[in-house]
Amino acid sequence: MTDRTAGLHDYLESLARNSSERWTVSACGVTGSRQNIPALLDKDAYARASNTVPVLLISGLSGQVDDVSLAWHALELFQAPDSGLAIHIGLSAIPNCNPDGRRDLSAGYPPTDNFFNDTDEPEKRYLWRWICFQGPSLVLELRSGESVRWQSNDAGGSLASVLASPVDSVENESLLAALGTGSPDGLGPIPGLRLTTPMDDLGDELRRLWKALSDQPDLGGASPARQALEARAARSYLEVARTLAKVYGYQLDPVNYTQGVGISGRLRLHQLSDSGESPAPGIVRLVEPYVSGSVAMFGERASGANLAGLIWGRELSEATDDRRYSDLIVDVANRYRPGVDGGAPPPCDPDFRTEDMFMAGAMLGRAFEITGEDRYLDLLVRFIIDGGIQQENGLFWHCRPAHFYWGRGNGFAAMGLTEPLTFLPENYPGRDAVVAMYRRLLDGLVKIQNPSGMLTEVLDIPGSYQELTATCMLGYSLARGLRRGWLGPSYQAPLDLAWRGVSQRIDGEGNVVDGCASTGVQASTDEYLDRPAVFGFDDRTGGMALWFAIEMQRHQG
């Protein structure tokens with residue numbers, strides 16, 4: 001048998017071209033050697049829009065070429081013109097889960113840490129998260145062997161019962177065993193079967209399984225994992241916002257945008273739906289030590305991230321009729337001054353980092369709204385236009401020296417264009433240029449948006465992890481643009497997709513899935529790929545998700 005690990009991506013591309021109504025080619029991870037792990041994705045894999053049974057075919061965990069050849073042949077049989085299987089089965093596939101083949105990845109599940117920066121086995125982390133948040137009705141693993149053997153995980157018993165063959169249990173700590181037990185990734189189990197077989201018996205064994213799923217579609221009903229995902233997606237915008245507002249926006253130490261956005265979100269939520277107790281009195285108590293000067297807010301060398309920690313000032317003034325809080329924003333804006341020698345305006349990084357687009361844009365725009373003084377907008381528009389870090393594809397480098405398409409960096413750019421446009425008068429000099437930059441960026445991001453709705457940690461690296469903060473920022477920018485009329489109706493579909501992906505990654509306690517940890521400018525693509533992902537409480541991601549949920553309610557509520 002020839003080595004079919006080579007050329008696998010091209011083969012999957014050919015399948016997708018021949019069945020574009022059924023399949024697209026994606027990637028579910030990145031290996032230790034920085035190869036992507038190619039995947040063939042059914043069009044309904046993330047949103048069951050048909051009566052087909054969603055099945056995920058996987059193979060190659062051991063690194064053995066014969067396993068990959070088996071999966072290749074299974075795809076050939078499935079897509080044969082006379083098979084008719086696509087009517088009943090929505091098949092996705094990871095034919096080679098272990099492209100590097102440096103070690104056997106068959107055991108050691110579930111992975112519990114080092115997402116996604118494990119130095120030895122990053123593939124396990126990528127596979128685990130990708131499979132859990134797809135939530136298929138069945139994961140079918142193929143292995144090459146000298147005789148036929150079927151095995152099942154704990155959740156796959158009903159499927160195993162129709163195979164008319166003895167079915168053994170999969171071994172503990174295998175991928176299938178971990179998927180079928182408990183609540184993987186806080187969701188629910190996923191049924192799994194493993195078929196070990198010689199090549200010559202593959203067709204007959206698969207036909208029995210496909211026939212059972214076709215004749216008894218109830219066998220392929222939504223997995224508990226998929227049910228949990230759909231329940232999360234079915235929540236209203238306000239329900240998600242209220243969940244987040246119970247958790248985020250209750251601290252201001254340190255004074256930083258990661259805290260300030262959550263505080264702002266709580267105030268916005270009450271403006272939108274004033275049922276319940278106002279958060280303003282509690283927020284006043286929280287911020288009073290800083291406002292009164294009894295606790296130092298920040299020093300003279302405060303960064304833009306620190307200054308944007310006061311982003312709630314105008315909203316708190318409106319809630320309390322106390323102008324001191326609006327004055328904080330004006331005081332912060334007065335710290336910005338024109339750059340020299342072509343550099344960004346201090347305290348921005350002179351290399352024009354995308355973070356500063358959001359932080360300066362938010363504070364200078366609000367200062368204009370409060371005072372009506374054009375000098376704040378003049379400084380802001382000049383800063384945005386002079387950066388020169390947006391590329392022909394619409395995406396932004398992280399900064400002038402860092403030619404990397406970091407996901408959250410582009411989220412900052414999206415917010416750093418959305419916030420100024422919120423305050424720029426219609427005929428303001430330079431506004432048209434800002435609008436053009438905004439649309440080019442959103443077009444570029446929508447073009448590479450994953451079928452799950454998510455953006456990735458590194459936008460031009462297929463398979464890098466699906467990152468929540470950047471997706472919240474994209475969604476917020478799309479929703480604000482549609483609501484304000486900056487965007488046409490064609491942007492509604494990617495907005496809905498972003499919301500679906502985000503809402504499924506927020507649980508009932510406000511925990512979030514895979515928000516990139518705090519990240520400065522890195523020296524290489526590898527360093528961005530290796531940034532840890534937070535699963536649980538994360539004020540940075542939680543605050544942005546709260547803003548996104550509120551903006552969705554404002555747009556569509």
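With the Cα gyration tensor of the range 1-158 giving a ≥ b ≥ c as the square roots of its eigenvalues, does the rule (a/c under 1.5 for rounded; else a/b larger than b/c for prolate; else oblate) give rounded, prolate or oblate? Before the final figure, lay out the partial values.
On the way: a/c = 1.39, a/b = 1.30, b/c = 1.07.
Note, shape of the range 1-158 comes out rounded.
Using the average count of surrounding beta-carbon atoms within 10 Å as a protection proxy, the listed peptides 346-353, 274-281 rank, highest first, as 346-353, 274-281.
Taking Cα atoms only, the orientation of helix 539-556 departs from the longest principal axis of the chain by about 90 degrees. With a cut-off of 12 Å between beta carbons, the residues surrounding Arg353 carry a summed charge of -2, where Lys and Arg count +1 and Asp and Glu -1. Between Asp113 and Asp374, the simple spin-label model (points 7 angstrom out along Cα→Cβ) gives 5.8 nm.
For the range 80-160, rounded, prolate or oblate, judged on the Cα gyration tensor with a ≥ b ≥ c (square roots of eigenvalues), a/c < 1.5 rounded, else prolate if a/b > b/c? It comes out prolate by the Cα gyration axes.
Ordering Ala436, Trp547, Gly475 by the projection of their Cα atoms onto the charge dipole of the range 409-557, which places +1 on the Cβ of Lys and Arg and -1 on the Cβ of Asp and Glu, puts Ala436 at the extreme positive end. The spacing between the range 340-418 and the range 194-261, judged by their C-alpha centroids, is 36 Å.
Here the dipole of the chain is about 1240 debye; that uses its Cα centre as origin and unit charges on the Cβ of Lys and Arg (positive) and Asp and Glu (negative). With a ≥ b ≥ c taken as the square roots of the eigenvalues of the C-alpha gyration tensor of the range 101-242, please select rounded if a/c is under 1.5 and otherwise prolate if a/b is larger than b/c or oblate if it is not? Note, shape of the range 101-242 comes out oblate.
Counting only alpha carbon atoms, the long axis of helix 280-292 and the longest principal axis of the chain meet at about 60°. Projecting the Cα atoms of Ala308, Ile329, Trp406 onto the dipole axis of the chain, where Lys and Arg carry +1 and Asp and Glu carry -1 at the beta carbon, places Ile329 farthest toward the positive end. Along the range 433-443 the Karplus relation, 6.51 cos²θ - 1.76 cosθ + 1.60 evaluated at θ = phi - 60°, assigns HN-Hα couplings of 5, 5, 4, 5, 5, 4, 5, 4, 5, 5, 4 Hz to successive residues, with x for each Gly and Pro.
As a calculated quantity, the FRET efficiency between Ala47 and Val340 at R0 = 60 Å, using C-beta atoms, amounts to about 0.70.
A P(r) calculated from all alpha carbon pairs of the chain, with 20 Å bins opening at zero, reads 21, 50, 24, 5 percent. Against the criterion of solvent-accessible heavy-atom surface with a 1.4 angstrom probe, Val53, Val291 sort, most first, into Val291, Val53. Rounded to the nearest 10 degrees, the angle from helix 257-272 to the longest Cα principal axis of the chain is 90 degrees.
The values are calculated or read from the model by the stated rules, or taken from the named source; none is laboratory data. The model shown is predicted, which means the values in this text are computed figures rather than measured ones. In this analysis, Cβ positions are derived from the backbone assuming ideal geometry, glycine residues included, and neighbour counts consider all displayed protein chains. Protein only, heavy atoms only, side chains kept; ligands, DNA and RNA dropped before computing areas. Shrake-Rupley method; radii C 1.70, N 1.55, O 1.52, S 1.80 Å.
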